[in-house]
1. With the dipole of region 8-158 worked out from charges on the C-beta (+1 for Lys and Arg, -1 for Asp and Glu) around the Cα centre, which of TRP89, PRO30, MET139 lies farthest toward the positive end?
2. For region 24-75, run through the trypsin sites (Lys or Arg not before Pro) and keep only the ones in DSSP coil with at most 15 other Cβ atoms within 10 Å of their Cβ.
3. Please get the size of the charge dipole for region 1-110, origin at its Cα centre, with Cβ charges of +1 on Lys and Arg and -1 on Asp and Glu, quoted in debye to the nearest 20.
4. Can you pull out the chymotrypsin sites (Phe, Trp or Tyr not before Pro) in region 12-104 whose DSSP state is coil and whose Cβ has at most 16 other Cβ atoms within 10 Å?
5. Enter the accessible area per residue of region 69-189 (Å², integer; probe 1.4 Å; all protein chains in place).
6. Comparing ALA61, ALA140, ALA21, which has the greatest mean-square fluctuation in the GNM of the chain with Cα pairs linked when under 10 Å apart?
7. Percent of accessible area on region 11-100 owned by carbon and sulfur, 1.4 Å probe?
8. If you place +1 on the Cβ of every Lys and Arg, -1 on the Cβ of every Asp and Glu, and leave all else neutral, what size is the dipole of region 11-75 about its Cα centre, to the nearest 20 Debye?
Amino acid sequence: MSQPSSSYVEEIKAAVRGCIALVVGQRDAPSYFDFSQRGLVGSLLAVVIAIALAGFGPLLAGARLPPGAATQSVVVNAVLFGAQALTAWIALRQMRRGDGFVPYLVASNWVTFTTAVLLLLSTFLGPLGIIILVVVVVMAIMTFINIGRFVVTLTPLQIGLLFLSQAVGVFLALGVVAIMLPPPPLPPV
């Protein structure tokens, strides 16, 4: 476990290095993350920033969004985060691995932050941004598996069950959001 960083910027740098270590499959990836209470709070702050970037970041790139679309994106992403966290907690408890929840959450939160930054960069690149989207998809798969392997130390079957629980949680959350929130109006042409 990494030592508590003296600044949040240092914590971000270490966590991004940890995300890279997860993507390439380095066994020492957990050493880049702070699994203390301070580290958990820092990772939750990173998720808040990531959700804000996902919602309002396209406006920085000059994208024309319909009224309320950015706020709706924030709400949807917050609900999805809650569903993923809840289903991870339930699944890990059922596997008798509740001790792995905070490390799972911390590492996953930093991956969320890193992917949000990459996705924002993709909006600035226009058509070339598709390359970053492919990188994000590969990164999401690799980091999920390697968080299970190296951070939480799950078996392959447990990683599969955790993935299944996450998929069900996100699917149900999207259904609830679709029922509760109307689609945003189309932008003027």
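1. Result: TRP89, furthest along the dipole toward the positive end.
2. Numbers: sites: ARG27, ARG38, ARG64; in loops: ARG27, ARG64.
Sparse-neighbourhood loop trypsin sites (Lys or Arg not before Pro): ARG27, ARG64.
3. Details: 8 positive and 5 negative charges, 43 e Å.
Approximately 200 debye in magnitude.
4. Values: sites: TYR32, PHE33, PHE35, PHE56, PHE81, TRP89, PHE101, TYR104; in loops: PHE33, PHE35.
Counting only loop positions with at most 16 other Cβ atoms within 10 Å, none of the chymotrypsin sites (Phe, Trp or Tyr not before Pro) in region 12-104 qualifies.
5. Details: 6770 Å² over 121 residues.
Spelled out: the 1.4 Å probe surface of region 69-189, per residue, equals 56 Å².
6. Checking each option, the largest mean-square fluctuation is seen for ALA61.
7. Working: 3010 of 4680 Å².
Its accessible area is 64 percent carbon and sulfur atoms.
8. Working: 5 positive and 3 negative charges, 21 e Å.
It comes to approximately 100 debye.
The values are calculated or read from the model by the stated rules, or taken from the named source; none is laboratory data. No experiment lies behind these values; they were computed from the predicted model shown. Cβ sites come from the backbone with ideal geometry, for glycine too, and all protein chains shown count toward neighbours. Side chains are part of the model used for accessible areas, which takes the heavy atoms of the whole protein and leaves out ligands, DNA and RNA. Shrake-Rupley method; radii C 1.70, N 1.55, O 1.52, S 1.80 Å.
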